[in-house]
Amino acid sequence: MPPSMTDAGPCAPSLGPLADIVTGVNSVAVSSPEAPRVPGTRLVKAGAIAFLAVVASWVIYALLSGRNGALDPVDLTVYRDGGLIVRQVQPYYDPHATAPLYDWGGYSSLALKFTYTPFAAIAFALFSFIPWTPLWVLSVIVNIAALLAALWFTFGGLGYADRRVRLGATLVAAAVVFWLQPVVRTIYLGQINLILMAAIIWDLCQPDNSKGRSPWWKGAVTGVTAGIKLVPLIFVPYMLVTKKFREAAMTMAGFLATVGVGFVILPSDSAKWWLHGMFLANGNRTGFMGWAGNQSLRAITTRLTGSVAAGQGPWIAAAVVAFALGMITAALLERKGYHLPAILATALTGLLVSPVSWDHHWVWVAPAVAVAGHYAIQRRRTARSSAQRWQARGLAALAVGMIATFAAWPDALWESQRNLARFSLGLLWAQPNTTPILFSKYGDLPRYVEYHWHGFQLLWGNAYVLAGTALLLILLVLAVRLRTAAPTFAGAGPASQDTQQAAATWSMGH
């Protein structure tokens with residue numbers, strides 16, 4: 001990509017108006033001198049209609065699919081039960097248990113145990129006061145709002161300073177990515193992935209002040225999210241290799257603060273989790289490592305080697321390589337001025353190297369589609385040669401490829417449901433998989449079907465981790481070939497000319 005394809009500043013753009021967008025849009029859209037058209041208005045209307053239509057399609061699906069068709073918030077139930085244990089509400093709380101939170105037998109026949117940090121349980125205790133029905137309705141609303149927020153922060157990081165254009169782009173993008181399987185699966189389970197993702201993007205896209213300095217607390221929110229789910233700690237090495245030492249320190253400070261809160265409120269559970277190594281020693285506590293729903297390098301090595309134990313060595317080797325390539329990619333992108341793609345490359349690295357990356361953890365594909373779409377439009381808008389137009393087509397193909405791979409394709413395509421109630425949507429479920437109940441009862445067995453996939457089953461069953469690996473390599477190649485971005489100063493002036501032109505294209509095209 002040429003130097004014009006750059007983010008505006010470290011992440012967030014200026015707060016000033018995009019004067020060039022106003023001029024460009026008005027020159028096209030004005031039908032009469034006395035009726036100027038405000039930039040982005042048509043885009044907002046089109047985006048609102050598209051997004052509401054997509055949400056309505058999900059509601060219709062929920063109504064037609066019956067019980068547990070679009071909602072079976074089992075993870076929300078586990079969150080709530082963990083919160084009730086913190087509040088010492090019986091029968092969830094066992095006063096005779098040494099560590100009541102982690103000695104709890106689990107929810108349902110799957111024995112779904114609490115697998116998060118003590119601080120996470122303390123946070124979940126706050127909403128455990130809400131009655132169940134309002135709670136799961138609130139979960140749906142908050143998750144949809146978090147998707148919109150994550151995309152809003154994403155477009156802010158790409159330089160969309162005009163609020164109408166930014167809102168319109170957010171709504172259009174949300175309509176496009178809503179039916180991605182990780183998104184609807186997060187809503188289905190009552191998960192918190194979208195919330196954490198939005199918080200991280202907001203935190204790491206805080207604009208610099210007029211002196212080029214970021215807020216002193218930048219990174220702390222990312223640390224708090226790591227205190228709930230550990231994977232966001234991947235952003236600490238990213239900050240170190242990009243010489244963001246103060247942000248790395250604040251991330252660790254936020255994380256350690258959550259550990260401290262856990263020890264104050266839940267000393268026994270915190271000791272078992274942190275001091276006795278539960279967070280490291282028992283990865284299988286979360287479920288079958290080789291299950292189709294796990295889309296990490298650990299999962300694919302487990303499936304290929306035929307057992308959880310045999311997959312550990314190859315996973316460590318693959319994870320070390322992926323981590324190194326991911327940090328190199330993020331560092332190159334950051335150095336050349338592409339802050340937001342660097343954040344996404346880091347998140348992708350975390351998904352690959354984490355022992356467990358359930359399908360719903362891959363919600364990061366939603367802002368990735370938006371970013372690829374942004375650069376495709378920007379390149380098309382500024383293309384002056386055949387090679388540049390092919391670059392635009394390539395970026396558009398990348399966005400379409402991510403949508404096709406991560407889409408929530410209906411289970412009817414596979415002819416029968418695959419041990420997944422009615423939420424078996426997407427390429428992952430095009431082949432048989434092991435019912436999680438078996439692993440909870442018997443542990444690892446050689447007869448599990450994932451160990452015997454063959455042919456295309458190996459492609460579809462590992463679709464996310466294979467696509468993620470390919471995407472990381474593509475980003476690495478692009479990062480090496482990119483020229484250094486033109487210097488910009490977030491918060492000190494208008495967004496870059498090319499970003500403005502890309503935003504104008506959004507507006508004029510809708």
Query - In Hz, Karplus ³J(HN,Hα) per residue of segment 433-442 (6.51, -1.76, 1.60; θ = phi - 60°; x = Gly, Pro) - result: 9, 7, 5, x, 4, 4, 5, 5, 8, 10
Requested in this report: For segment 195-253, give the percent of accessible area contributed by carbon and sulfur heavy atoms, probe 1.4 Å, rounded to a whole number.
Outcome: 69
Query - Mean Cβ count within 10 Å, highest first, over the residues of peptides 343-352, 60-69 - result: 343-352, 60-69
Report summary line: Honestly segment 197-303 on the Cα gyration tensor test (a ≥ b ≥ c root eigenvalues; a/c under 1.5 rounded, otherwise a/b vs b/c for prolate or oblate) is just oblate
Report summary line: A student asked for the Cα radius of gyration and Dmax of segment 172-222 in angstrom ought to give 14.9, 45
Requested in this report: Report, in whole Å, the centroid distance computed from the Cα atoms of segment 339-379 and segment 215-247.
Outcome: 17
Requested in this report: Give me the accessible area of K45, 1.4 Å probe, in Å² rounded to the nearest 10.
Outcome: 130
Report summary line: Whole-number value, in Å³ per residue, for the convex hull of the alpha carbons of segment 186-250 is 77
**Report entry** Solvent-accessible surface (1.4 angstrom probe) belonging to T186, in square angstrom, nearest 10
**Finding:** 0
Report summary line: Counting only protein heavy atoms and rolling a 1.4 Å probe, one gets per residue an accessible area for segment 255-332 in Å² of 41
Report summary line: Residue separation between F245 and R389 times 0.36 nm, minus their alpha-carbon distance, gives in nm 47.9 nm
**Report entry** Amide H partners (placed H, <5 Å) of Y107, local residues excluded
**Finding:** L112, K113
Requested in this report: Select from P207, P182, L147 the residue farthest towards the positive end of the dipole of segment 146-274; place +1 on Cβ of Lys and Arg, -1 on Cβ of Asp and Glu, and compute about the Cα centre.
Outcome: P207
Requested in this report: Report relative contact order for segment 259-400 in percent, whole number only (criteria: Cα-Cα under 8 Å, sequence separation at least 6).
Outcome: 19
Requested in this report: Using only Cα atoms, figure out Rg for segment 269-416 and give it as a multiple of 2.2 N^0.38 Å.
Outcome: 1.29
Report summary line: Accessible-area order for H452, H361, H374, largest to smallest, probe 1.4 angstrom, reads H452, H361, H374
Query raised in the report: Do any of K113/K218; K243/K272; K272/K441; K211/K244 go past 27 Å between their Cα atoms, and which?
Result: K113/K218; K243/K272
Query - Neighbour-limited loop hits for chymotrypsin sites (Phe, Trp or Tyr not before Pro), segment 89-166 (at most 14 other Cβ within 10 Å; DSSP other than H, G, I, E, B) - result: F129
Query - Förster radius 60 Å - calculated FRET efficiency between V477 and Y442 (Cβ-Cβ, nearest 0.05) - result: 0.85
Report summary line: Around L476 (Cβ within 15 Å, Cβ-to-Cβ, excluding L476; K/R +1, D/E -1) the net charge comes to +2
Requested in this report: Provide the gained length on full extension for the span I49 to D94, in nm with one decimal, where the gain is 0.36 nm per separating residue minus the Cα-Cα distance.
Outcome: 11.2 nm
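The values are calculated or read from the model by the stated rules, or taken from the named source; none is laboratory data. These numbers were taken from a predicted model, which means no experiment stands behind them. A quick note on method: Cβ atoms are made from the backbone with ideal geometry, for glycine too, and the neighbour counts reach across all protein chains shown. Quick note on the areas: whole protein, heavy atoms, side chains included, nothing else; ligands and nucleic acids left out. Shrake-Rupley method; radii C 1.70, N 1.55, O 1.52, S 1.80 Å.
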